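**Q** I'd like to ask you about the structure that follows.
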Amino acid sequence: MNFQEHPFFKKIIKDAWSYWTGAVLLGLLNIALFAFSGHPWGITTTFSYWGAWIFRALGGHPETWTYFQNPSHAKALTQSVFTNTGSVQDIGIILGAFLATLLASQFKIKKIKSHKQVVAAILGGLLMGYGARIAFGCNIGAFFSGVSSMSLHGWVYTVFILIGAWIGSKLLVKYFM
């Protein structure tokens, strides 16, 4: 029997998990991460470190920026991509998502339909990145970890992400569908 036809493979890797299974596993993993690292799950702060490390490699001086005057951010500048825990986490998320997509036979390279699609994707990505930085996190750090720790910023983020998603869906339907 092919391993992809094995019931265990189909149940755990190929088929979608229930929302409850995913929610419980994410909650348990967030607790484990907090116990191990001393901070809740976050994603986007590490991207600012990646940008600073690249800028430094090109001869820039990100250590002079106000953002890196904060001791925790300044410490990150002394680390590397492979010694910063957030960076290792983000690399693991990217590789894990790619592996899961491959194992579930869901990986597809799609043709770009129009230049409008490219512009919308770039504009949306820039707006999401900017929003994640001013909100002190993305849907993981600001929403998932913020709400679960009962932080006020998590609840404010929730209200505005719902409003933003509603506006974004209206714009998507009007201009790109």
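**Q** Applying 1/(1 + (r/R0)^6) with R0 = 25 Å to the Cβ-Cβ distance of His115 and Val173, what FRET efficiency is obtained, to the nearest 0.05? Provide the component values of the computation, followed by the final result.
**A** On the way: r = 19 Å, r/R0 = 0.76.
So the FRET efficiency works out to roughly 0.85.
**Q** Can you find, among Ala76, Pro40, Leu172, the residue sitting farthest towards the positive end of the charge dipole of the chain, where Lys and Arg contribute +1 and Asp and Glu -1 at Cβ?
**A** Leu172
**Q** OK, next. With charges only on Cβ, +1 for K and R and -1 for D and E, what is the dipole size of the chain about its Cα centre, in debye, rounded to 20?
**A** Details: 13 positive and 4 negative charges, 142 e Å.
Dipole about the Cα centre, nearest 20: 680 debye.
**Q** Rank Gln106, Phe9, Ile54 by how far each Cα sits towards the positive end of the charge dipole of region 1-128 (+1 on Lys, Arg Cβ; -1 on Asp, Glu Cβ) and give me just the farthest.
**A** Going by the Cα projections, it comes out as Gln106.
**Q** Still on this structure, I have one more. Region 102-177 to region 1-74: how many Å between their Cα centroids?
**A** When both Cα centres are located, 16 Å separates them.
**Q** Let me ask something else. Which of the peptides 146-158, 121-133 is most tightly packed, and how do the rest follow, going by the mean number of other Cβ atoms within 10 Å of each residue? List each step's numbers first, then the result.
**A** On the way: 146-158: 15.2, 121-133: 13.1.
By packing density, highest mean first, the sequence is 146-158, 121-133.
**Q** Want the number for Ala97 to Ser151: 0.36 nm per residue separation, take away the alpha-carbon distance, what's left? Walk me through the numbers on the way to the answer.
**A** Details: separation 54, 0.36 × 54 = 19.44 nm, distance 2.82 nm.
So the extension gain works out to 16.6 nm.
**Q** Follow-up. Rounded to the nearest angstrom and ordered from largest down, what semi-axes does the equivalent ellipsoid of region 110-177 get from its C-alpha gyration tensor (root of 5λ)? It would help to have the intermediate numbers written out before the result.
**A** Numbers: eigenvalues 153, 32, 16 Å².
That gives 28, 13, 9 Å for the three semi-axes.
**Q** With respect to the cross-link table entries Lys14/Lys110; Lys14/Lys113; Lys10/Lys108; Lys14/Lys116; Lys110/Lys170; Lys10/Lys111, which display a Cα-Cα separation exceeding 26 Å? Present the calculation step by step, with values, prior to reporting the outcome.
**A** Working: Lys14/Lys110 21 Å; Lys14/Lys113 28 Å; Lys10/Lys108 20 Å; Lys14/Lys116 34 Å; Lys110/Lys170 24 Å; Lys10/Lys111 29 Å.
Too far apart for the 26 Å limit: Lys14/Lys113; Lys14/Lys116; Lys10/Lys111.
Read-outs: derived from the displayed coordinates by stated rules, not from any lab. Keep in mind that this is a model prediction, so the values were computed, not measured. Counting neighbours? That spans all protein chains shown, and the Cβs are built from the backbone with ideal geometry, glycine included.
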